[in-house]
Amino acid sequence: MESALTARDRVGVQDFVLLENYNSEATFIENLRRRFRENLIYTYIGSVLVSVNPYKELEIYSKQQMERYRGVSFYEISPHIYAISDNTYRAMRTERRDQCILISGESGAGKTEASKKILLYFAVTCPTNNHMVTLGDRLLQSNPVLEAFGNAKTLRNDNSSRFGKYMDIQFDFKGATMGGHILNYLLEKSRVVHQNHGERNFHIFYQLLDGGDDDLLNTLNLERNPHSYRYLVKGSCARVSSISDKNNWRVVRKALDVIGFTAEEVQKLLNIIASVLHLGNTLFGEGEEGETYIITETQLSNAAKLLGVDGSALKEALTHKKLTAKGEEMISPLNFEQAVSARDALAKAVYGRTFNWLVEKINQSLALKEEIYHSSKDASVIGLLDIYGFEVLQHNSFEQFCINYCNEKLQQLFIELTLRSEQEEYETEGIAWETVQYFDNKIICDLIEEKHKGIISILDEECLRPGETCDISFLEKLEDIVGGHPHFITHKLANGKTRRVMSREEFRLLHYAGEVNYNVNGFLDKNNDLLNRNLKEVMCQSENQILSHCFRREEVIDQKRPEMAASQFKNSLMKLMEILMSKEPSYVRCIKPNDTKQPGRFDEVLVRHQVKYLGLMENLRVRRAGFAYRRRFEAFLQRYKPLCPETWPNWNGKLADGVSALVNHLGYKPEEYKLGRSKIFIRFPKTLFATEDALEA
Ligand code: ATP
Ligand code: MG
């Protein structure tokens, strides 16, 4: 038989806290690599699960596997996403406290796959409430729908989520699933009208064209070939070998039925999707006097028909702007560029709002029925957060700024909750706490979000300021107001000289996870997210109920400026933080092993970078600050009692005394361990290893 030591050498340790040299990043990464080589993609840092994307199907997600993890304690079995799921579920049941699982990692690291596995675990293993036999199905089927409309092929991930998602799963007092609710964050709408090279628009467009039957495409006036649509070919890769749009179309169609969309609703939804494609093919010409007109009348009338609006009104609204000056309405023509951007703004607004409607509909389908709600006051919740990870692209814009800000907030939460819960555990167990030094990123959050002085406030002000404003004037404002901040840099040096490595259009933020240069081009437009008033007027008269629901009359009448994009995002994040703070968190940290989506390839540089910005080393240090290992008395006795004649086979005295007898017998020195009220804390991994080895001998 292989000795315990060599097994450990080969497959590494299943919990990083057991690493002797826990301060060494190299040791940490070597442990990950060894496990990855053996297809052991999961490893713990205490109760945090680290997951490395295998980029291949592993036989570890079957129903039998789910059964293995049910009700089994964390340390007795190999690390798994099911263990986190089960543990969270049991904590919710026994402590009667709401839980949440926060999944993070960069694009392609496996967050969405992890969240789906957690959901599947609950859907399969939890009892279902009689009233809602199909709830599990509906919860599961919400994924393909949201992915079709909110995911796209990017350079980094063939199925990249382009929105953030938080989902609550509600359980009744018996632990049966009862309902669900989804919150969505900042869909990357710009993708509707533009894609970078090698990327695609949202999946649904290609699925509809490839999978929709001839009759359907006829009613939508669509051709099957995606290359016929300008909005689908900006990235020059309408077809992707790893994706079957046709099959996925079938899955999505079925999912829409299961969730409870009526045939009429589906038709209206598809009308909207098709209308976006026709809008994209609506082209403008420029007259001799600089006036703009539409040269593709058929496309325009197709779009109008599918949007359920009057063709000539739409035409007028795409080429003219309505202004109110001194109480009088005036119509002014748009120039060519303005018309193009009005058209694109309409496509983005239509798609973005329809996506929100879709989430609303799904929520209605997952919602608690009134009568159940009233009979289950003791309901509890498990929240699942699958949100964009820290992002550094070649060219970083407004979207990356928002995404990275979101990650700063999550890091804040992590610091607060991890340190707090660690501290609480020492306190409840009556053990002295030793503080750990860590970088508190509050200073960066403030730089971004502080009222009046933060970057978002400055951006809003610049958008509202009358007169000539532009992205560069925003940058200059930033330099004036936050120029001296230690986490903010532009090409200007303090001594008045310029930093050559930076362009005049960039600012750099020193995020907790690394430096990112943001190009201010487009910041104002994206933050404004404006749709001309006359386009709104046309849309709120739509005969398509989805659209008349999405474009409200009040919006046109009410002249108040709606909240701008970044502020809206900031406020939704604040709410999210509140939701998460009220729950007990578990973490899944996902790592992408290589940039080529290949199985078996472990790119050390790439992994090291992620270990750094996921804060894993810090996490480990916090966890190890006091004691490497802790275990409840019962569990410790149960496992090691064969090593001590006094406790074997049954110990009938107090648990603490049994553990005392056991560790005395094993020769633990006083500095090696402490007994809390319900748990034993072991300071060094080697102590535990020696005990484990004794068990195997
Ligand atoms: P994004 O931020 O772009 O949405 P993500 O972190 O959600 O990225 P996923 O879509 O979950 O990434 O994963 C990317 C791909 O990696 C999946 O489509 C799948 O092919 C593969 N993958 C991820 N996790 C696993 C897993 N546990 N087993 C097998 N393959 C996986
Ligand atoms: Mg994803």
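Just so it is clear, none of the values below were taken in a lab; they were calculated from the coordinates. These numbers come from a predicted model, not from an experiment. When we count neighbours, we look across all protein chains shown, and the Cβ atoms used for this are built from the backbone with ideal geometry, even at glycine.
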- [ ] Please report the Cα spread of the stretch 522-582 along all three principal axes, rounded to whole Å, starting with the longest.
- [x] 42, 28, 19
Open item on the list: Please report the antiparallel percentage of the DSSP beta bridges confined to the chain, to the nearest 5.
Closed with: 75 percent
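Net charge near Ala317, counting Lys/Arg +1 and Asp/Glu -1 over other residues with Cβ under 11 Å of its Cβ? Please report the intermediate quantities before stating the final value.
Working: positive: Lys315, Lys321, Lys322, Arg343, Arg533, Lys536; negative: Asp310, Glu316, Glu537.
Summing Lys and Arg as +1 and Asp and Glu as -1 gives +3.
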Task: Column: log10 I(q)/I(0), Debye, Cα scatterers of the stretch 56-201, q = 0.13, 0.14, 0.17, 0.20 Å⁻¹ - done: -0.66, -0.76, -1.04, -1.31
- [ ] Whole number please: convex hull volume per residue, Cα atoms of the stretch 548-632, in Å³.
- [x] 259 Å³
- [ ] Report the percentage of all Cα-Cα pairs in the stretch 179-331 whose separation exceeds 28 Å, rounded to a whole percent.
- [x] 31 percent
TODO: Starting from the Cα of Glu20, step 7 Å along the direction of its Cβ; do the same at Ser473; then give the gap between the two resulting points in nm.
DONE: 6.5 nm
TODO: Compute from the Cα atoms of the chain the Rg and the Dmax, the latter being the longest Cα-Cα distance, and quote both in angstrom.
DONE: 28.3, 101
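About the Cα centre, and with charges only on the beta carbon of Lys, Arg (+1) and Asp, Glu (-1), how big is the dipole of the stretch 298-405? Nearest 20 debye, please.
On the way: 11 positive and 13 negative charges, 67 e Å.
Computed about the Cα centre, the dipole is about 320 debye.
If the chain between Glu634 and Asn571 were fully stretched, how many nm would it gain, using 0.36 nm times the residue separation less the Cα-Cα distance? Mind dumping the intermediate values first?
On the way: separation 63, 0.36 × 63 = 22.68 nm, distance 4.54 nm.
Taking 0.36 nm per residue and subtracting the Cα distance, the gain is 18.1 nm.
Tell me what the chain gives for mean residue ellipticity at 222 nm when only DSSP H runs of n ≥ 4 count, each as -39,500 (n - 2.57), the sum divided by the residue total, rounded to 500 deg cm²/dmol. Each step should come with its number before you reach the end.
On the way: 28 runs with 333 residues, N = 697.
The helix-only estimate for the chain comes to -15000 deg cm²/dmol at 222 nm.
Roughly how large, in nm² to one decimal, is the mean projection of the convex hull of the alpha-carbon atoms in the stretch 220-289?
On the way: hull surface 27.8 nm².
Averaged projected area of the stretch 220-289's Cα convex hull equals 7.0 nm².
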Task: Kirkwood hydrodynamic radius of the stretch 265-366, Cα pairs, Å - done: 14.8 Å
Open item on the list: For the pair Glu223/Leu493, report the inter-label distance in nm, with labels modelled 7 Å from Cα in the Cβ direction.
Closed with: 5.7 nm
Task: Estimated inter-spin distance, Tyr55 and Arg621, nm [label 7 Å along Cα→Cβ] - done: 3.2 nm
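What is the gain in length, in nm to one decimal, between Ser503 and Leu666 on full extension, counting 0.36 nm per residue of separation less the C-alpha to C-alpha distance?
Numbers: separation 163, 0.36 × 163 = 58.68 nm, distance 6.48 nm.
Length gained between Ser503 and Leu666: 52.2 nm.
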TODO: Subtract the Cα-Cα distance of Thr128 and Thr428 from 0.36 nm times their separation in residues, and report this length gain in nm to one decimal.
DONE: 104.5 nm
Task: Hull volume in cubic angstrom per residue (convex hull over the Cα atoms of the stretch 441-483) - done: 59 Å³
Open item on the list: Suppose we keep just the alpha-carbon trace of the stretch 468-563; what are its Rg and Dmax in angstrom?
Closed with: 19.7, 61
Task: Positive-pole candidate from Gln394, Asn404, Val381, dipole of the stretch 375-419, charges at beta carbon - done: Val381
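Report the rotationally averaged projected area of the stretch 127-219 based on its alpha-carbon convex hull, in square nanometres.
Values: hull surface 34.0 nm².
Spelled out: convex hull of the Cα atoms, projected over all directions, averaged, 8.5 nm².
Using only the C-alpha atoms of the stretch 57-102, find the volume of their convex hull and express it per residue in Å³. Walk me through the intermediate numbers first.
Numbers: hull volume 3.9 nm³, N = 46.
Cα convex hull per residue, to the nearest whole number: 85 Å³.
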Task: 5 Å-binned pair-distance histogram of the stretch 570-617 (Cα, whole percent) - done: 4, 17, 17, 15, 16, 11, 12, 8, 0
- [ ] Specify whether the C-alpha gyration tensor of the stretch 424-504 places it in the rounded, prolate or oblate class, a ≥ b ≥ c being the square roots of the eigenvalues: rounded for a/c under 1.5, otherwise prolate if a/b is larger than b/c and oblate if not.
- [x] oblate
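Given the alpha-carbon gyration tensor of the stretch 190-232, what are the semi-axes of its equivalent ellipsoid in whole angstrom, ordered largest first, with each equal to the square root of 5 times an eigenvalue? Walk me through the numbers on the way to the answer.
Working: eigenvalues 88, 17, 14 Å².
Semi-axes, largest first: 21, 9, 8 Å.
Cα-Cα over 20 Å: which of Lys111/Lys246; Lys189/Lys451; Lys322/Lys536? Don't skip to the answer; put the middle values down first.
Numbers: Lys111/Lys246 25 Å; Lys189/Lys451 27 Å; Lys322/Lys536 11 Å.
Result: Lys111/Lys246; Lys189/Lys451 exceed 20 Å.
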Open item on the list: Under 16 Å between alpha carbons, and skipping anything fewer than 8 positions from Lys560 in its own chain: which aspartates and glutamates qualify?
Closed with: Asp460, Glu461, Asp529, Glu537
